[in-house]
Amino acid sequence: MKYDGIIFDLDGVICSTDEYHYLAWKKLAEKLGIKDFTKKDNERQRGVSRMESLEVVLEKTDKKFTQEEKVALATEKNEYYKQMLAQMSKKDLADDVKDTLDAIKAKGIRIAIGSSSKNAKFILSRIGLLDYFDAISDGDNITRTKPDPQVFTMAAQFLGLDPCRCLVVEDAEAGIMAGKTGGFDTAALGSATKCPYATYRLSTFSDLKAIVL
Ligand code: BG6
Ligand code: MG
């Protein structure tokens, strides 16, 4: 087998919660009087921490905020986001994603989540995958977010595997950089396919089967 383990980003890879991040930040931006918060701005929020994502929004206003006010704004955005997550169900797990994961598991390849999010376990529970992965490395066990490789190196450790035996699947350029820096091969989806450092580029999630099975 080419890889003994696969580490999946969550938002924008396993499910479309990247869209909810965008909508929640846009709602906060509008409350701050920012009318031109776009998907292009949102691209830079992929993979990075909640507070760094807030800075992408605040770049678009001249208003100044204290650290305490920034924490309150990030918390407000997270409330909007969690309201959207609460509406999710197993129907939000696409068939091609579930079928591909099942096929990978059936081959005995170990699988983990490697996500910067502190909402990762809540999302996994909404889509019925909380107990599905062999390991979860997320915003609760890291001190540095992507493009730092920590979330992936810890996922590999949790799986008991060396990074060179694992593949990282990502939709964020910051995630591809994190994988490369950590010594992982990477498979890019969506906007991450533009990153020159990706090992593979996928058109659909199920393209993974041709690489790893
Ligand atoms: C990543 C998203 O998965 O999680 C980022 O791509 C987000 O945009 C980060 O900032 C942190 O997520 P959360 O859910 O803890 O705010
Ligand atoms: Mg992502």
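The values are calculated or read from the model by the stated rules, or taken from the named source; none is laboratory data. In this text the structure is predicted, and so the values were computed from the model without any measurement. Glycine also receives a Cβ, built like all others from the backbone with ideal geometry; neighbour counts cover every protein chain displayed.
Can you go through Leu130, Leu161 and tell me which one is assigned to a loop (DSSP other than H, G, I, E, B), of a type outside the set (Gly, Ala, Ser), farther than 16 Å from Val13 by Cβ and under 16 Å from the mean Cα position of the chain (by Cα)?
Details: Leu161 fails: under 16 Å from the mean Cα position of the chain (by Cα).
Answer to the selection: Leu130.
For segment 27-65, filtering for residues that are buried (at least 20 other Cβ atoms within 10 Å of the Cβ) and among the basic types (Lys, Arg) leaves 2.
Identify, from the list Lys146, Lys194, Lys121, Lys90, the residue that is within 25 Å of Leu213 (Cβ to Cβ) and at pLDDT 95 or above. Break it down into steps so the answer makes sense when it comes.
Details: Lys146 fails: within 25 Å of Leu213 (Cβ to Cβ); Lys194 fails: within 25 Å of Leu213 (Cβ to Cβ); Lys121 fails: within 25 Å of Leu213 (Cβ to Cβ).
The conditions single out Lys90.
Given the conditions (1) within 16 Å of Val48 (Cβ to Cβ); (2) part of a loop (DSSP other than H, G, I, E, B); (3) not acidic (Asp, Glu), and given that Ala192 satisfies all but one, which numbered condition is not satisfied? The failed condition is (2). Counting just the residues of segment 81-93 that are touching a residue at least 40 places away in the same chain (Cβ under 8 Å) and over 16 Å from the mean Cα position of the chain (by Cα), which one comes out nearest to Lys2 (Cα to Cα)? Restricting to residues being touching a residue at least 40 places away in the same chain (Cβ under 8 Å) and over 16 Å from the mean Cα position of the chain (by Cα), the top hit is Met88. Here Asp99 fulfils each of the conditions (1) surrounded by 16 or more Cβ atoms within 10 Å (Cβ to Cβ); (2) of a type in the set (D, E, K, R); (3) over 14 Å from the mean Cα position of the chain (by Cα) apart from (1).
It is to be established whether one or more residues within segment 61-70 are touching a residue at least 12 places away in the same chain (Cβ under 8 Å) and part of a helix (DSSP H, G or I). Yes; the residues of segment 61-70 include at least one that is touching a residue at least 12 places away in the same chain (Cβ under 8 Å) and part of a helix (DSSP H, G or I). Look at segment 40-58: where a residue is within 8 Å of ligand 1 (Cβ to nearest atom) and a partner is among the charged types (D, E, K, R) and assigned to a helix (DSSP H, G or I), sitting 6+ places away or on another chain with Cβ atoms under 7 Å, you get Arg46/Asp18. Taking segment 1-24 as the range and being assigned to a loop (DSSP other than H, G, I, E, B) and either within 11 Å of ligand 2 (Cβ to nearest atom) or touching a Ser or Thr at 6+ places or on another chain (Cβ under 9 Å) (or both) as the test, the residues that pass are Asp9, Leu10, Gly12, Val13, Ile14, Ser16.
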